[in-house]
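Trainee: Shown below is the structure under consideration.
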Number of protein chains: 2
Amino acid sequence: MASRTATELVHPERDQLRFTTVLAALSDPVRLAIVVRLADLGPEGEQACTTFELPVSKSTQSGHFKVLREAGVIRQRDEGTRRLNRLRRDDLDVRFPGLLDLVIPQGRQVVSGR
Amino acid sequence: MASRTATELVHPERDQLRFTTVLAALSDPVRLAIVVRLADLGPEGEQACTTFELPVSKSTQSGHFKVLREAGVIRQRDEGTRRLNRLRRDDLDVRFPGLLDLVIPQGRQVVSGR
(Lines give C-alpha, C1' and ligand atoms only; values in the text may rest on other atoms or scores of the structure.)
Protein backbone atom coordinates (compact mmCIF):
# COMPACT_ATOMS: atom_id res chain seq x y z
CA MET A 1 0.00 0.00 0.00
CA ALA A 2 2.83 2.37 0.88
CA SER A 3 4.32 2.00 -2.56
CA ARG A 4 0.95 2.49 -4.22
CA THR A 5 0.07 5.64 -2.34
CA ALA A 6 3.54 6.96 -3.11
CA THR A 7 2.97 6.62 -6.86
CA GLU A 8 2.70 9.95 -8.58
CA LEU A 9 -0.59 10.14 -10.42
CA VAL A 10 -0.04 11.82 -13.78
CA HIS A 11 -2.95 13.66 -15.36
CA PRO A 12 -2.99 15.42 -18.72
CA GLU A 13 -3.94 19.09 -18.61
CA ARG A 14 -7.23 20.11 -20.19
CA ASP A 15 -5.57 21.37 -23.37
CA GLN A 16 -3.57 18.16 -23.69
CA LEU A 17 -6.68 15.97 -23.99
CA ARG A 18 -6.81 14.22 -27.36
CA PHE A 19 -10.11 13.25 -28.96
CA THR A 20 -8.87 9.89 -30.27
CA THR A 21 -7.32 8.95 -26.91
CA VAL A 22 -10.54 9.84 -25.08
CA LEU A 23 -12.64 7.79 -27.55
CA ALA A 24 -10.30 4.83 -27.10
CA ALA A 25 -10.61 5.13 -23.32
CA LEU A 26 -14.41 5.14 -23.62
CA SER A 27 -14.53 2.20 -26.03
CA ASP A 28 -14.65 -0.53 -23.40
CA PRO A 29 -17.68 -1.80 -21.44
CA VAL A 30 -15.90 -1.86 -18.07
CA ARG A 31 -14.53 1.64 -18.52
CA LEU A 32 -17.95 2.86 -19.63
CA ALA A 33 -19.42 1.34 -16.46
CA ILE A 34 -16.90 3.33 -14.38
CA VAL A 35 -17.76 6.55 -16.25
CA VAL A 36 -21.51 6.02 -15.82
CA ARG A 37 -21.08 5.34 -12.09
CA LEU A 38 -18.98 8.48 -11.60
CA ALA A 39 -21.45 10.56 -13.64
CA ASP A 40 -24.22 9.44 -11.28
CA LEU A 41 -22.27 10.86 -8.32
CA GLY A 42 -22.59 14.40 -9.65
CA PRO A 43 -19.93 17.03 -10.37
CA GLU A 44 -17.85 16.71 -7.20
CA GLY A 45 -18.61 13.05 -6.52
CA GLU A 46 -15.71 10.73 -5.82
CA GLN A 47 -15.63 6.97 -5.46
CA ALA A 48 -12.86 4.67 -4.27
CA CYS A 49 -11.49 2.15 -6.80
CA THR A 50 -12.24 -0.79 -4.52
CA THR A 51 -15.97 -0.07 -4.29
CA PHE A 52 -17.00 -0.33 -7.96
CA GLU A 53 -17.83 -4.06 -7.90
CA LEU A 54 -16.77 -4.59 -11.49
CA PRO A 55 -16.82 -8.07 -13.06
CA VAL A 56 -13.04 -8.16 -13.59
CA SER A 57 -9.96 -8.89 -11.47
CA LYS A 58 -8.39 -6.15 -9.35
CA SER A 59 -5.36 -5.84 -11.61
CA THR A 60 -7.53 -5.59 -14.73
CA GLN A 61 -9.61 -3.00 -12.89
CA SER A 62 -6.50 -0.97 -12.04
CA GLY A 63 -5.52 -1.03 -15.70
CA HIS A 64 -8.90 0.36 -16.71
CA PHE A 65 -8.68 3.20 -14.16
CA LYS A 66 -5.19 4.00 -15.45
CA VAL A 67 -6.38 4.19 -19.08
CA LEU A 68 -9.18 6.55 -18.05
CA ARG A 69 -6.84 8.73 -15.99
CA GLU A 70 -4.12 8.92 -18.65
CA ALA A 71 -6.72 9.85 -21.29
CA GLY A 72 -7.99 12.61 -19.01
CA VAL A 73 -11.45 11.12 -18.47
CA ILE A 74 -11.07 10.77 -14.69
CA ARG A 75 -9.02 12.42 -11.99
CA GLN A 76 -7.52 10.20 -9.29
CA ARG A 77 -6.13 11.10 -5.89
CA ASP A 78 -4.91 9.04 -2.99
CA GLU A 79 -6.40 9.51 0.46
CA GLY A 80 -4.79 7.21 2.99
CA THR A 81 -5.03 3.74 1.48
CA ARG A 82 -7.91 4.64 -0.81
CA ARG A 83 -7.60 5.83 -4.40
CA LEU A 84 -10.49 8.13 -5.19
CA ASN A 85 -11.88 8.76 -8.68
CA ARG A 86 -13.78 11.69 -10.12
CA LEU A 87 -15.11 12.27 -13.63
CA ARG A 88 -13.42 15.22 -15.39
CA ARG A 89 -16.79 16.45 -16.58
CA ASP A 90 -15.82 20.16 -16.86
CA ASP A 91 -12.66 19.50 -18.86
CA LEU A 92 -14.39 17.05 -21.20
CA ASP A 93 -17.39 19.32 -21.73
CA VAL A 94 -15.11 22.22 -22.67
CA ARG A 95 -12.86 20.24 -24.99
CA PHE A 96 -15.43 17.89 -26.56
CA PRO A 97 -18.85 19.48 -26.10
CA GLY A 98 -21.68 16.95 -26.08
CA LEU A 99 -19.44 13.89 -25.85
CA LEU A 100 -20.33 12.88 -22.29
CA ASP A 101 -24.00 13.73 -22.86
CA LEU A 102 -23.94 11.20 -25.67
CA VAL A 103 -21.68 8.61 -24.07
CA ILE A 104 -23.35 8.37 -20.66
CA PRO A 105 -26.82 7.24 -21.87
CA GLN A 106 -25.19 4.91 -24.41
CA GLY A 107 -22.96 3.63 -21.61
CA ARG A 108 -26.01 2.91 -19.46
CA GLN A 109 -27.37 0.71 -22.24
CA VAL A 110 -24.04 -1.10 -22.54
CA VAL A 111 -23.93 -1.64 -18.76
CA SER A 112 -27.50 -2.96 -18.66
CA GLY A 113 -26.71 -5.37 -21.52
CA ARG A 114 -28.53 -3.10 -24.04
CA MET B 1 -6.67 -8.50 -57.44
CA ALA B 2 -8.80 -11.50 -58.38
CA SER B 3 -8.45 -12.94 -54.92
CA ARG B 4 -9.22 -9.62 -53.34
CA THR B 5 -12.37 -9.00 -55.34
CA ALA B 6 -13.48 -12.54 -54.54
CA THR B 7 -13.31 -11.91 -50.79
CA GLU B 8 -16.71 -11.82 -49.18
CA LEU B 9 -17.19 -8.50 -47.43
CA VAL B 10 -18.91 -9.06 -44.11
CA HIS B 11 -20.98 -6.22 -42.67
CA PRO B 12 -22.82 -6.21 -39.35
CA GLU B 13 -26.53 -5.47 -39.59
CA ARG B 14 -27.79 -2.22 -38.12
CA ASP B 15 -29.05 -3.88 -34.92
CA GLN B 16 -25.73 -5.66 -34.47
CA LEU B 17 -23.73 -2.43 -34.20
CA ARG B 18 -22.09 -2.09 -30.79
CA PHE B 19 -21.35 1.29 -29.25
CA THR B 20 -17.97 0.29 -27.82
CA THR B 21 -16.84 -1.28 -31.12
CA VAL B 22 -17.88 1.83 -33.06
CA LEU B 23 -16.03 4.10 -30.59
CA ALA B 24 -12.93 1.95 -30.90
CA ALA B 25 -13.14 2.15 -34.70
CA LEU B 26 -13.38 5.93 -34.50
CA SER B 27 -10.51 6.30 -32.01
CA ASP B 28 -7.73 6.52 -34.58
CA PRO B 29 -6.59 9.57 -36.59
CA VAL B 30 -6.32 7.70 -39.91
CA ARG B 31 -9.76 6.13 -39.52
CA LEU B 32 -11.21 9.50 -38.53
CA ALA B 33 -9.69 10.97 -41.70
CA ILE B 34 -11.47 8.29 -43.75
CA VAL B 35 -14.79 9.00 -42.00
CA VAL B 36 -14.46 12.77 -42.52
CA ARG B 37 -13.68 12.28 -46.22
CA LEU B 38 -16.66 9.99 -46.73
CA ALA B 39 -18.94 12.37 -44.82
CA ASP B 40 -17.92 15.14 -47.22
CA LEU B 41 -19.13 13.04 -50.16
CA GLY B 42 -22.73 13.19 -48.93
CA PRO B 43 -25.23 10.41 -48.21
CA GLU B 44 -24.70 8.25 -51.30
CA GLY B 45 -21.07 9.20 -51.92
CA GLU B 46 -18.55 6.44 -52.47
CA GLN B 47 -14.80 6.56 -52.73
CA ALA B 48 -12.29 3.92 -53.79
CA CYS B 49 -9.77 2.77 -51.17
CA THR B 50 -6.81 3.64 -53.39
CA THR B 51 -7.75 7.32 -53.71
CA PHE B 52 -7.64 8.45 -50.07
CA GLU B 53 -3.99 9.51 -50.06
CA LEU B 54 -3.49 8.58 -46.42
CA PRO B 55 -0.06 8.87 -44.76
CA VAL B 56 0.24 5.13 -44.13
CA SER B 57 1.21 2.04 -46.15
CA LYS B 58 -1.37 0.26 -48.30
CA SER B 59 -1.56 -2.72 -45.98
CA THR B 60 -2.03 -0.50 -42.92
CA GLN B 61 -4.69 1.36 -44.87
CA SER B 62 -6.51 -1.90 -45.70
CA GLY B 63 -6.48 -2.77 -42.02
CA HIS B 64 -8.09 0.55 -41.13
CA PHE B 65 -10.85 0.09 -43.74
CA LYS B 66 -11.48 -3.40 -42.38
CA VAL B 67 -11.83 -2.13 -38.79
CA LEU B 68 -14.32 0.49 -39.96
CA ARG B 69 -16.30 -2.04 -42.00
CA GLU B 70 -16.40 -4.68 -39.28
CA ALA B 71 -17.56 -2.08 -36.74
CA GLY B 72 -20.33 -1.04 -39.12
CA VAL B 73 -19.03 2.48 -39.71
CA ILE B 74 -18.56 2.03 -43.47
CA ARG B 75 -20.02 -0.20 -46.17
CA GLN B 76 -17.64 -1.62 -48.76
CA ARG B 77 -18.37 -3.14 -52.16
CA ASP B 78 -16.15 -4.31 -54.96
CA GLU B 79 -16.63 -2.95 -58.45
CA GLY B 80 -14.15 -4.48 -60.88
CA THR B 81 -10.75 -4.00 -59.29
CA ARG B 82 -11.89 -1.11 -57.11
CA ARG B 83 -13.15 -1.40 -53.54
CA LEU B 84 -15.63 1.37 -52.89
CA ASN B 85 -16.44 2.80 -49.45
CA ARG B 86 -19.52 4.55 -48.14
CA LEU B 87 -20.27 5.95 -44.68
CA ARG B 88 -23.17 4.12 -42.96
CA ARG B 89 -24.61 7.44 -41.87
CA ASP B 90 -28.26 6.25 -41.69
CA ASP B 91 -27.47 3.19 -39.59
CA LEU B 92 -25.19 5.13 -37.23
CA ASP B 93 -27.66 8.00 -36.84
CA VAL B 94 -30.44 5.57 -35.91
CA ARG B 95 -28.38 3.51 -33.49
CA PHE B 96 -26.24 6.25 -31.92
CA PRO B 97 -28.01 9.58 -32.51
CA GLY B 98 -25.66 12.55 -32.56
CA LEU B 99 -22.46 10.49 -32.63
CA LEU B 100 -21.41 11.34 -36.19
CA ASP B 101 -22.51 14.97 -35.76
CA LEU B 102 -20.05 15.13 -32.88
CA VAL B 103 -17.28 13.00 -34.34
CA ILE B 104 -17.06 14.59 -37.80
CA PRO B 105 -16.18 18.14 -36.65
CA GLN B 106 -13.80 16.73 -34.01
CA GLY B 107 -12.32 14.52 -36.71
CA ARG B 108 -11.72 17.54 -38.93
CA GLN B 109 -9.70 19.11 -36.12
CA VAL B 110 -7.70 15.90 -35.68
CA VAL B 111 -7.03 15.72 -39.45
CA SER B 112 -5.94 19.36 -39.60
CA GLY B 113 -3.58 18.81 -36.64
CA ARG B 114 -6.02 20.51 -34.21
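Trainee: 7 Å from Cα along Cα→Cβ at both residue B:40 and residue A:77: what's the point-to-point distance in nm?
Mentor: Once both label points are built, they end up 4.5 nm from each other.
Trainee: Additional query: Shortest first, in nm, what separates the label point of residue B:77 from those of the same position in the other copies (7 Å along Cα→Cβ)?
Mentor: Label-point separations across copies, in nm and ascending: 5.7.
Trainee: Give me the lysines in straight-line cross-link reach of residue A:66: C-alpha distance below 29 Å, same-chain residues under 8 apart excluded.
Mentor: In chain and number order, the partners are A:58, B:66.
Trainee: So if a site counts as exposed when it's one of the GluC sites (Glu not before Pro), its DSSP state isn't H, G, I, E or B, and it has at most 12 other Cβ atoms within 10 Å, what's the longest stretch of chain B without one? Kindly include the intermediate steps, with their values, before the conclusion.
Mentor: Working: sites that count: B:8, B:13, B:44, B:53.
Segment B:54-114 is the longest.
Trainee: Nearest 500 deg cm²/dmol is fine: what mean residue ellipticity at 222 nm does the protein assembly as shown get from its DSSP H runs of n ≥ 4 alone, each adding -39,500 (n - 2.57), divided by its residue count? Intermediate results must be reported in sequence, preceding the final value.
Mentor: On the way: 12 runs with 118 residues, N = 228.
Calculated mean residue ellipticity at 222 nm is -15000 deg cm²/dmol.
Trainee: What nm distances, shortest first, do you get from the label point of residue A:90 to those in the other copies when the point sits 7 angstrom along Cα to Cβ?
Mentor: Spacings between copies for this position, smallest first, are 4.5 nm.
Trainee: Need the full-extension length gain, residue A:51 to residue A:15, defined as separation in residues times 0.36 nm minus the C-alpha distance. One decimal, nm. Write down the numbers at each step before the final one.
Mentor: Working: separation 36, 0.36 × 36 = 12.96 nm, distance 3.05 nm.
Length gained between residue A:51 and residue A:15: 9.9 nm.
Trainee: To the nearest 20 Debye, how big is the dipole of the stretch B:30-91 about its Cα centre, given +1 on the beta carbon of each Lys and Arg and -1 on that of each Asp and Glu? Walk me through the intermediate numbers first.
Mentor: Numbers: 12 positive and 9 negative charges, 40 e Å.
I would put it at about 200 debye.
Trainee: Name the residue from A:97, A:59, A:39 whose Cα lies farthest towards the positive end of the charge dipole of chain A, charges +1 on Cβ of Lys and Arg and -1 on Cβ of Asp and Glu.
Mentor: A:59
Trainee: Something else: How far is it, in nm, from the label point at residue B:8 to the one at residue A:7 when both lie 7 Å from their Cα along the line to the Cβ?
Mentor: So the label points at residue B:8 and residue A:7 sit 4.6 nm apart.
Trainee: Could you pull the accessible area for residue A:58 with a 1.4 Å probe, rounded to 10 Å²?
Mentor: Residue A:58 has an accessible surface of roughly 150 Å² with all protein chains in place.
Trainee: Same structure again: If each label sits 7 angstrom from Cα along the C-beta direction, how far apart, in nm, is residue B:62 from its counterparts in the other copies?
Mentor: In ascending order, 4.1 nm.
Trainee: Relative to the Cα centre, what is the charge dipole magnitude of the protein assembly as shown, using +1 at the beta carbon of each Lys and Arg, -1 at the beta carbon of each Asp and Glu, and rounding to the nearest 20 debye?
Mentor: Working: 36 positive and 30 negative charges, 94 e Å.
Around 460 debye, computed over the protein assembly as shown.
Trainee: Whole angstrom only: what separates the Cα centroid of the stretch B:18-49 from the Cα centroid of the stretch A:36-88?
Mentor: For the stretch B:18-49 versus the stretch A:36-88, the Cα centre distance is 31 Å.
Trainee: Taking the Cα centre of chain A as origin, sum charge times position over the Cβ atoms of Lys and Arg (+1) and Asp and Glu (-1), and report the length of that vector in debye to the nearest 20.
Mentor: Values: 18 positive and 15 negative charges, 61 e Å.
Charge dipole, chain A, about its Cα centre: 300 debye, nearest 20.
The values are calculated or read from the model by the stated rules, or taken from the named source; none is laboratory data. These figures come from a predicted structure and were not determined experimentally. When we count neighbours, we look across all protein chains shown, and the Cβ atoms used for this are built from the backbone with ideal geometry, even at glycine. What goes into the accessible areas is simple: the full protein's heavy atoms, side chains included, and nothing from ligands, DNA or RNA. Shrake-Rupley method; radii C 1.70, N 1.55, O 1.52, S 1.80 Å.
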